[in-house]
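Notes follow once the structure below has been shown.
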Number of protein chains: 2
Amino acid sequence: MAEQAEKLRRTPLSRDRILRAAVALADGAGIESLSMRNLAQELDVVPMALYKHVANKDELLDGMIDVVVGEIDPLTSGEGWQPAIRRRVLSARQMLRRHPWASLAIESRNMATPAVLGYLDSMIGALRAGGLSTDLTHHVMHALGSRILGFSQELFDAARQAGRSGPIAPQPPAPLPPEVALRFPHVAEIAAAASHDDGSVVGQGCDDQFEFEFALDLLLDGIERLREQGWTAPR
Amino acid sequence: MAEQAEKLRRTPLSRDRILRAAVALADGAGIESLSMRNLAQELDVVPMALYKHVANKDELLDGMIDVVVGEIDPLTSGEGWQPAIRRRVLSARQMLRRHPWASLAIESRNMATPAVLGYLDSMIGALRAGGLSTDLTHHVMHALGSRILGFSQELFDAARQAGRSGPIAPQPPAPLPPEVALRFPHVAEIAAAASHDDGSVVGQGCDDQFEFEFALDLLLDGIERLREQGWTAPR
DNA sequence: CACGGTAGGTGTACGCCGTACACCTGTCAA
DNA sequence: TTGACAGGTGTACGGCGTACACCTACCGTG
């Protein structure tokens, strides 16, 4: 009968199709109306069908994040580190404007997805290649923080979490798991530098307060310089 | 009987008691387990009792934000603008670390609550008093953005929204409502400067792209300066 | 060709959520 | 004394995420 024919004609579900539909739904109707039920309806399928392709809603969100992070332009080479980073951050910003739900989603979830780590890894690589020391690169990543993607403090925790499952527990200072270190060498390099250069202070690997003040003073000093020079709006 | 006596002994509910309990619950058990039901239980009361004091859960969250923003140290005077702002931003950061749920809550809601506007207003006032032009102050607020509270672009929209109700609609470029302008003169001053200095471009009052690049370049230039100087980590 | 396993879509049900609405009760002004 | 009203209660509804049992179409193997 007709119903069966329609069933057969229907393109089958797949993780990819689900993620795309979810991104489209969040873009169009707002993240707050992205429910498993609405999404299923959009795909002409019963809600529970989705669970054959994504473990649960959190994993769905992680997948969506990977999709949109994948939209960020790759790093261009053949120019200085500054224009390259600048171009890429602006590309990330455009992505965030196409998907207004994304920055909140990224901030509210841990950032351990491979796509996000890959993005950060290549960013760190560009800074290192540009001649910044591991230390400076580390602090710069914190300083750029929210402009880069909206992340704040938990880079290394997230990297350590990668590949693990279970609830997010307060992380003891531990080295990155080796498979993470291999896939994201620049992240690993920075993490290593951060964890042995703070000498006496036990563990921790990353002094949040210092990072925060570093970025704050970078801004405040730059602002004061502009003020001294009697800065006025361009145009 | 005993139940009645207990009832009488119970301190009565009040908006304030509810907000404090909600903040404590979110601090202790995480924002995800702050439900009207849990909160009511904490207060030894039936869930619907809360609705006699707060309109709904969103208003509860707004109230909680006001409570924690009220914890930020006031501006100190008698020193330069830079140390004053620095001290205050660090105080805001401490508050955000005491209440880890707050930064997400603030970012995910519009910022039109009086406490938040008051905080921003005094910050703007300090910058102006420090000798920054209205333009520069405006851009600086965007540049400090996430360090100040986690807000990103929507300052003036939020201010316009203040006192209004109903769903957040895309805001046509409109002047701030007079009662807002009176209470928060520094916000108003910056808004006015932003809306007439962009000349030909119709409306808009605030060029997001420009603001973003301003802050980004402030950071990138500062970083390049450090790199040139062969920056190494302070002891 | 038969057949059993398996991948993937279905249906039902549970416990949580926010909150509308009707109700009760104690207090206080007139 | 009364009656309005502020404030706590109880019930109920629709939506959510998802556990679990089921059904069915396919496919590799004998």
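The values are calculated or read from the model by the stated rules, or taken from the named source; none is laboratory data. Predicted model only: the values in this text are computed from it and were never measured. Glycine gets a Cβ as well: all are built from the backbone with ideal geometry, and neighbour counts include every protein chain shown. What goes into the accessible areas is simple: the full protein's heavy atoms, side chains included, and nothing from ligands, DNA or RNA. Shrake-Rupley method; radii C 1.70, N 1.55, O 1.52, S 1.80 Å.
Annotations
- Interface size, chains B and A: roughly 4600 Å² of accessible area buried, both sides included, 1.4 Å probe, rounded to the nearest 100.
- Spacing of the modelled spin labels on A:Arg183 and A:Arg87, each 7 Å from Cα toward Cβ, amounts to 2.7 nm.
- Efficiency of FRET from Cβ geometry, B:Ser35 and B:Glu71, R₀ 22 Å, rounded to 0.05: 0.40
- For the residues of A:209-218, the average number of beta carbons from a partner chain within 10 Å of their own beta carbon is 4.
- Burial of accessible area (probe 1.4 Å, heavy atoms of protein chains only) in the stretch B:53-98, relative to its chain alone, reaches at least 50 Å² for B:Trp81, B:Gln82, B:Arg86, B:Leu90, B:Arg93.
- Of B:Met48, B:Leu61, B:Ile18, farthest towards positive along the dipole that unit charges on Lys, Arg, Asp, Glu beta carbons give the stretch B:4-78: B:Met48
- Residues listed by number, the stretch A:88-114, amide nitrogen under 16 Å from B:Leu104 label point at 7 Å toward C-beta: A:101-113
- Note on A:Lys57: accessible area approximately 80 square angstrom, rounded to 10, probe 1.4 Å, nucleic acids and ligands left out.
- Take B:37-48, B:61-72, A:13-24 and order them by the average number of nearby Cβ atoms within 10 Å per residue, most first; the result is B:61-72, A:13-24, B:37-48.
- Computing FRET efficiency as 1/(1 + (r/R0)^6) for A:Glu228 and B:Lys57, where r is the C-beta to C-beta distance and R0 is 60 Å, gives about 0.80.
- Accessible area (Å², 1.4 Å probe, nearest 10) - B:Asp58: 80 Å²
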